[in-house]
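Input: a single structure, listed below in structure tokens.
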Amino acid sequence: MKKNIKNIILKILKFFGITRKRLAFPIFRYDIYSENGEDGVLEFIVKKIPSLPKYVIDIGANDGINGSNSRLLIEKHNFNALLIEPFEEAFKKIENLYSTNDKVKISNYAVGCETTAEGTINWYGHFSGLKSEIIHVNDVLSQYNIPKDIGFLSIDIDGGDNDVLSAIDWDKYSPIFVIAEIDFSSDKNLQEQIDIMDKAGYVPVLHIGNVFYCRKDYSGRFLFNWKLKMENELGFFKK
């Protein structure tokens, strides 16, 4: 009986173009500050895991508002935060935004997988290949006494995301969720990122432009937690 009811429901959903892989996170998607519905997903996660550590690291924080995966957590859910943004114009806006919030630390370092005085950074739509001193990501994090227990790490640095993810000391810094940008022009980029995160102890749970990864000891709390070929369609990774 239950199976028949389930099949009927699935047929009705299919008639309206809704498939099983869209039955959880995507219905919670919405944007207040984020770009692709991340705010709604973040809210869903925070409500689902009340014990989630209230700390967010945002690497490539922009101006702290536009396209931000950290603003809602800070403003509405009272998260502590480290916001990292190397572009001076955007960094000054973050300084003004959080000038009276002592729970938010800000840094204008450009982070990478190595330290070099002759590196370059990108900010698509604004500039590409801007000369900048690069500081190893672990060196930056260590300067700010980042706790081991972190709710979210968001990274969006326009091209160097996978390099930084591969360089993070995951034994020392252990966010429960990681939100990472991928290069849409390359399926290889996504698979490379999945492999990096798998070695770090994470599984992909959702792809909505940015990919959400969940620490493996938490991934069983979610319906979908492994890779599904989407044929250029956004959606879930599932077993």
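Residues checked against (1) among the hydrophobic types (A, V, I, L, M, F, W, C); (2) modelled with pLDDT of 95 or more:
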{"site": "GLU85", "(1), (2)": "no, no"}
{"site": "PHE91", "(1), (2)": "yes, no"}
{"site": "ASN96", "(1), (2)": "no, yes"}
{"site": "ASN101", "(1), (2)": "no, yes"}
{"site": "ALA110", "(1), (2)": "yes, no"}
{"site": "ILE134", "(1), (2)": "yes, no"}
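Quick check, is TYR55 among the aromatic types (Phe, Trp, Tyr) and closer than 20 Å to LYS92 by Cβ? No. When you look at ASP183, is it at negative phi, modelled with pLDDT of 90 or more and assigned to a loop (DSSP other than H, G, I, E, B), yes or no? No: the conditions fail for ASP183.
Just so you know, in segment 27-80 the residues that are open to solvent by 20 Å² or more (accessible area, probe 1.4 Å), among the hydroxyl-bearing types (Ser, Thr, Tyr) and over 14 Å from VAL178 (Cα atoms) include one that is farthest from the chain's Cα centre (by Cα), and it is SER51.
Taking every residue in segment 47-76 that is at pLDDT below 90 and pairing it with any residue that is open to solvent by less than 30 Å² (accessible area, probe 1.4 Å) and of a type in the set (Gly, Ala, Ser), at least 6 positions away or on another chain, the pairs with Cβ-Cβ distances below 9 Å are ILE49/GLY151.
The values are calculated or read from the model by the stated rules, or taken from the named source; none is laboratory data. All values reported here derive from a predicted model rather than from experimental measurement. FYI the Cβ positions are ideal-geometry reconstructions off the backbone, even for glycines, and counts take in every protein chain you see. Only protein heavy atoms, including side chains, enter the accessible area calculation; ligands, DNA and RNA are left aside. Shrake-Rupley method; radii C 1.70, N 1.55, O 1.52, S 1.80 Å.
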